[in-house]
Structure formats: structure tokens, C-alpha cells
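Scroll down for the structure; my scribbles are underneath it.
Every number in this text was worked out from the coordinates using simple rules, so none of it is lab data. Since the model is a prediction, treat every value here as computed from it, not as a measurement. Cβ sites come from the backbone with ideal geometry, for glycine too, and all protein chains shown count toward neighbours.
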Amino acid sequence: MVHFILRRLMVMIPTLVAISMLVFFLIQLPPGDAITSRLAELHAEGAEVSEAQIAALRARFHLDDPMPVQYFRWVTGFLRGDFGYSIVQEQPVNVLVYDRLGYTVLIAISCVLFTWVIGFPIGFYSAIRQYSASDYTFTIIAFLGMATPNFLLALGLMYLGHRYFGTTIGGLFSPEYMGEPFSFGKFVDLLKHLWIPMVVVGMAGTAGLVRVMRANLLDELQKPYVVTARAKGVGSLRLIFKYPVRIAINPFISTIGWMLPMIFSGDAIVGVVLNLPTIGPLLLSSLMTQDMFLAGSLIMIMSTLTVLGTLISDLALAALDPRIRYD
Amino acid sequence: MNNDETTNLPIPPGAPADAGDAAGVDDSGAPPEESRVVFASQWKLMWWRFRKHKLALIGGVIMFIFYIVAAFCEFFAPYDPSTRDVTHILAPPQTIRFVDEDGRFHLRPFVYGYRMEIDSETWRRLYTPDTEDRRPIVFFPRGEPYKLWNLIPMERRLFGLEHGRAYLMGTDQLGRDVLSRTIYGSRISLTIGLIGVLLTFVIGILLGGIAGYFGGITDNVIQRIIEVLICIPHLPLWMALSAALPGHWSALRIYFGITVILSFLGWTGLARVVRGKFLALREEDFVVAARLCGTHETSIIFRHMVPSFLSHIIASATLAVPGMILGETALSFLGIGLRPPVVSWGVLLQQAQNFQVLAMAPWLMYPGLFVIIVVLAFNVLGDGLRDAADPYSD
């Protein structure tokens, strides 16, 4: 097992290196660099910037070093937990990201839980009652859930909340708790707000998982061992839970890997609509201002979390599924 | 044998699987229906199977209608998408009616004109239907002249009013007709999915084919690339790439830029499918036979292997289109995709991003309804195609 974990960790490294190269390429992509856009901004504000100041700025961020050197400095910063410096906002990325990262991870985890708690029973029920009226209903809802863009769902919920309850949905806290230290009251307030991004971001994943769970369980239920067990008179619920469910449940663990990118993608747009204090809106604003170092670091953080999530789901799967060998 | 004769017969009602016994396959006395199945081409078998999938059929018809409307959007849209009507700003949708206030039935559908007053406190325009002002809808009226596909000068539109303008889906903040804009927007939104998938198709088949056919190190490298791309959340990467598109580019170049960006990540799924099929087919007898005959590699790939899994690829590609459409919509909605003079569904939805506007004019979300319908139809169609793609399985 230890050997298996170590090997999986080793495989992660080249992946992360490749991602970091791609992201660094992204950072270099826009015409000009961070200083040019910062200068444009300063000019717009009416500030005079001298040649010497520009040179000082360029030197400070090592913008005239050769590309490989810049890349190396950026990447090694990551290893030390230093995510670079946002030139536009004039703050280290760490400071900007710190709180937001926590809320993003919170939303991601609650989305995964929501997906499981809702997806499992519905998929299960749809499979054992195949072609029943409720199966069709759930199938239609699942298809709708997969087809509705999450930002549209967020907009719709916001409109309905405004129209029928007179409240504005959005954010993660009520105004009175903004900037307050964490307390029990604030926690309850957070829970009251959290369910909306949770449902909105988790909707498509849940719908997809319902379909997968249903299909897997149906496949499993047709296998000879199930028929044999049934013929021998094993009670039907016990029979289903004993083996077929355990096998059909695999995707719940193995899909964390692809659920995370979906959740981060969802957060990137839903966060903007619902005005969440997460990474998504920060990414958009950094891209708008061409603050590419911040944007690159954010994408790098999301990708790293995804790779970690994949690793965790691989390990969990290996631990839970006896068919997976460690060597 | 009577091959031609039987396959040219009209399609039997439902493909019969067990009409006769296995004994009579080579027997000329076999029931005609069975021989029809035996001699039917692969594509015909797929069509029979697809036809049984009613939902997929409906999805296909819906998509066909949408693409027809998108192709002739100048004709189907009642007005030009950029014409402003300053007397009707944020006007709500009109209802098409057949029965008027007095309960009289009219064969020709009509709408009521607007009565507008301005709320003295909030300065908001309040519109109510003016029941005195009955406006019949006419078909094929002369409207603003336009050029179909920028080539053919025309002035007939599908429908309109005899006098005044109809706003069946309301108007936006600048007094432009939401219905017309949605119809024009479908041209951009729907083609971006198709062109994107075409690109994806080419990259996916090429790289997936290379990986699956040659195997070894090549396969390994391509597999790793795919894994890396899958680990990066799509939307953020799309956002970063499209934010990097130069601001001075023309609308057309931005459009193609976005398409390329969308397919830049989209090919991975298709490449995996193709690779899997190649791996499975490489050892098949007919491929080995072709190789032993000295057939050239490209010829083996494109003459023998690709046709045998083309149907699967088409199904996968159909399922990839909605992702592209949603991607464009999301990017444009965020304001880093296509930009306003261009009309796409995402650009239209951008107006609904402002909550104050949305609360006043929920009809600005209508384009979103079309996004849902199209994505739904594509998903259902793709599902049906996937089920039909392998007609020999049960």
C-alpha cells in the first residue's frame, strides 16, 4: 500500500510540472506584460511614471530575465508556498487568495457531499424501479439538470428569491456578519447561504451521477450472480446491497477527480453571478485587468487541487475495491 | 442473390430480431423480413434502431428546425437585431391572442399594443396591454430590407404587424426586439458548436488514432497530455485563453479564436474514444489481413478502420456539441467571449447579469431557455445515436 501511494505521488509530479508549464505559457500569452497594463492604469489615473520607475518595477519583478529563469523562479515559489505577486492589486497572491481559497474548498466539499447524498438514492431508486413513472420523472429532471447552464440556474433562483421572497440571494454571509469574527451565529448564517451555491454548482454533477449510478446498477443487476442469488431466495434488498450496490458505487469515489474541475469551473461563473467570496470572481477580475500572474496562480492552484483530488479518489478506490491491485 | 431487391424494399415496421428460426439464414425460403435484416447495410440497421428511440428522433427534429432557423435567421426574425425602438424600452412580451376582450374569436392571431406610463416615483416605465389597440399579425409582410447571407436582397419576413412592431419576447434596455436578437444569436451560438466540434473531430481522430495505432511511447505521450489537460478546470482555462485574445481583433477573428479555444480542450474525450477503438480494432482479422496484403498504413487507417467506428465517433461528437455551446455562452456571459456588436445567446444573457435589470425585465432570460432546449435536444439525440451506433449489439 505504501509503495502504491508513493508511486502515485511520483506520477503526480510530471503532471504538475506539465500543468505549470502550460499555465506559465498562459501568463506570457497576452500582448505586453503585467507592467504595461499597470502603466496604462496609472496613466489613466493621471499619474506620471518616469522611465526610472518603470525600470525599477521591471527589475523588481525580474521581467527582463530570460523565460526559463522566470519560469523557474515562479515554480519554485510554489514549492515554498509563495504564489507570486499581483502587480495590479499590489499585494502578494497569498494574501488575496487565503480567505477565498477556504470558501472555494468549502463549496467544493459541500458540492461533492450534496452530489452523493442526492445522487445515490435517486440513482438507486431509478435502477430498481426501472421504467416506472418515478424513474421517468427523475430521468427527465436529470436531463434538465445536465442541460441547464449553472449560471442560468443561479440567475433564475435569484430572480425567484427576489420575486417571491423579497430577499436577495447571493454572497455567503448576511451583511451584518460581513467582516465579523467567526462565531456560532455567523456559522449558522453561512449554512443559510451555502445551500444555494451548493445546489447550483452541484446540479449538473448530481444529474450526471444519477445517470451513471442507474446505468451501473442496472448492468450489475443483470449479471448471473445476482440471478443465482435471487433464485436461491436471498431477500431482494439485502441482495442488492450485498454486492451490486458496492460495485455500482465505484463512480462515486472515482469521479471526485473529474467532479473537482467541474466544481471549479462552476465556481468561476456562479461565483460571479452570486457574488461569492471565492476564487472564481477573483480569477475573472484578474483576467479583465490582465493581471496574468494572479490569474496563472489561481489556475495553478485549482489544477493542483484537482490533481490532489484525483489522487485521493484513486487511493480511496484502491482501498475499497478489492479488484484493484497495488502493483 | 436477391440482395439488391430485398434492401430496396421499404423499411419494415420495426426491425424484427427473432421473426424466424436461426435455421433459415441461408435458405432462400426464409421469411422476407429476416432476410431484410440479414442483408441490410450497417447504416440501415442503425437507422432502424435509431428510429425506435422516439425521444432521440424528437431531439433530431428540434435540432433540424433550429439549424434551419439559424441558417435563414434574417427571414425568421421579424426585425433587425440592432434596430432600436426608443419608445419601447424594456417592454414586456406581448401575448399572441385569438380571443379579444369582448370574447370574440379571431382567426387571425393578434397582439395588443402597449399603453405606457412612467411611475412618478421610480421613473420606471410601466407597460400595460392596450385592449383598444388590436394589432393583427400578418405573415410574409414587407419589413426592413435586408440581405440574406449578405448576398440576396430581400424584404419579406416570416411575420410582423401591419402597423407598429410586435415584441413577442419583449425588448431590452435599448428597445431592441429580444426575439429577433435571439434568432440572430442562434446563428453564432449554434455554428460555434458545429465548427468547434469539426475541429475537435480532426484533432481527436488524428491524435487518438496515432496513439491507438502506433501504441508504445507515442501512445504514452499523448495519454499523458490528455491527462494533464483533463486536470485543468475547463472554464478557467478557457477564460484565460479568451482573455488573451487581442482586443483589436475583428468580430470574425474573435469568433474563430473562441472556436479554436473551445476545441483546444474538447478533443481529449474524442481522442480517448478513438484510441480505445483503434486498440480494439488493431488486432482484428480484417486489419491484419489488410496489413499482410501490403496495404499502406494510411490506407488501412482511413479505408478500413475509420469507417468501422465512424458511427461511434459521430455519436461522441454529437454529445460534444452542447459542451461547446455552453462554453461559448458562459464566456460571452462573463464578458470575455464574443463582444456586443456580435449577437450570440451568451452576449444576450450578459444583459441579465445585472440583477436590477433582471428584476425589472425577467424576459431577458429567454435566450437561456433556448440554450437549455438546444443542449437538451443535442444530449437526447447523441444518446440515441450512441445506442444506435452499434447495431449488432443487443
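Counting Cβ atoms of other protein chains within 10 Å of each Cβ in B:327-336 and taking the mean gives 4. Within the listed set A:Thr255, A:Thr115, A:Thr228, the Gaussian network model of chain A (springs between alpha-carbon atoms below 10 Å) gives the highest mean-square fluctuation for A:Thr228.
Go through B:Tyr255, B:Leu292, A:Cys111 and say which Cα lies farthest out towards the positive end of the charge dipole of the protein assembly as shown; charges sit on Cβ, +1 for Lys and Arg, -1 for Asp and Glu. Value: B:Leu292.
Checking the a/c ratio against 1.5 first, then a/b against b/c, what shape does the Cα gyration tensor give for chain B? It is oblate, given that a/c is not under 1.5 and a/b is not larger than b/c. Projecting the Cα atoms of B:Phe139, B:Phe39, B:Tyr366 onto the charge dipole of the protein assembly as shown, computed from C-beta unit charges around the Cα centre, puts B:Phe39 farthest toward the positive end. Counts of other chain beta carbons within 10 angstrom of each beta carbon in peptide A:291-301 average 2. Simple point charges give the picture: +1 on the Cβ of Lys and Arg, -1 on the Cβ of Asp and Glu, and for the range A:93-320 a dipole about the Cα centre of about 1040 debye.
For the range B:250-303, the set of GluC sites (Glu not before Pro) satisfying both a DSSP loop assignment and a count of at most 16 other C-beta atoms within 10 Å is given as B:Glu283, B:Glu284. Counting Cβ atoms of other protein chains within 10 Å of each Cβ in B:218-226 and taking the mean gives 1.
Selection among A:Leu157, A:Gly84, A:Ile240 by position relative to the dipole of chain A gives A:Ile240 as farthest towards the positive end (Cβ unit charges, Cα centre).
With the helix formula -39500 (n - 2.57) applied to DSSP H stretches of n ≥ 4, chain A reaches a computed 222 nm mean residue ellipticity of -25000 deg cm²/dmol.
The simple spin-label model puts a point 7 Å past each Cα toward its Cβ; for B:Asp130 and A:Arg73 those points are separated by 6.9 nm.
With N the number of residues in the protein assembly as shown, Rg(Cα) / (2.2 N^0.38 Å) evaluates to 1.08. The Cα-based radius of gyration and maximum Cα-Cα distance (Dmax) for the range B:54-134 are 18.1, 55 Å.
For the range A:93-320, the extents of the C-alpha atoms along the principal axes are 66, 42, 34 Å, listed from largest to smallest.
Based on Cα contacts under 8 Å between residues 6+ apart, the range B:89-172 shows a relative contact order of 33 percent. Loop sites by DSSP among the GluC sites (Glu not before Pro) of chain A, restricted to those with at most 12 other Cβ atoms within 10 angstrom, leave A:91-327 as the longest stretch without any of them. Calculated FRET efficiency, A:Asp219 to B:Phe39, Cβ-Cβ distance, R0 = 45 Å: about 0.90 to the nearest 0.05.
Across every direction, the projection of the convex hull enclosing the Cα atoms of the range B:238-389 has a mean area of 11.6 nm². A simple spin-label model places the labels of A:Arg246 and B:Arg115 7.3 nm from each other, with each point 7 Å out along Cα-to-Cβ. Computed extension length for B:Phe286-B:Ile217: 22.3 nm, one decimal, from 0.36 nm per residue of separation with the Cα-Cα distance subtracted. Reported to the nearest whole Å, the Cα centre-to-centre distance from the range B:44-116 to the range B:186-240 is 36. Rounded to the nearest 500, the 222 nm mean residue ellipticity of chain B from helices alone is -18000 deg cm²/dmol, with -39,500 (n - 2.57) taken per DSSP H run of at least 4 residues.
Lysine pair count for the protein assembly as shown with Cα-Cα distance under 18 Å and sequence separation of 8 or more or different chains is 5. Simple spin-label estimate for A:Asp65 and A:Ala231 gives 7.1 nm between the two label positions (7 Å along the Cα-to-Cβ direction from each Cα). For the range A:78-172, trypsin sites (Lys or Arg not before Pro) are listed when DSSP marks them as loop and at most 16 other Cβ atoms sit within 10 Å of their Cβ; the list is A:Arg80, A:Arg129.
Highest mean packing comes first when the peptides A:309-318, B:323-332 are listed by Cβ atoms within 10 Å, giving B:323-332, A:309-318.
Packing, as the average of other Cβ atoms within 10 Å across residues, places the peptides A:116-122, B:127-133, A:195-201 in the order A:195-201, A:116-122, B:127-133, highest first. As a rough guide to protection, the peptides A:148-156, A:207-215, B:102-110 ranked by mean Cβ packing within 10 Å, highest first, stand as A:148-156, A:207-215, B:102-110. Taking a ≥ b ≥ c as the square roots of the eigenvalues of the Cα gyration tensor, the range B:89-172 is oblate, since a/c reaches 1.5 or more and a/b is not larger than b/c. Contact order, relative form, for chain A: 26 percent (alpha carbon pairs under 8 Å, 6 or more residues apart, mean separation divided by residue count). The relative contact order of the range B:180-388 comes to 30 percent, based on Cα pairs under 8 Å that sit 6 or more residues apart.
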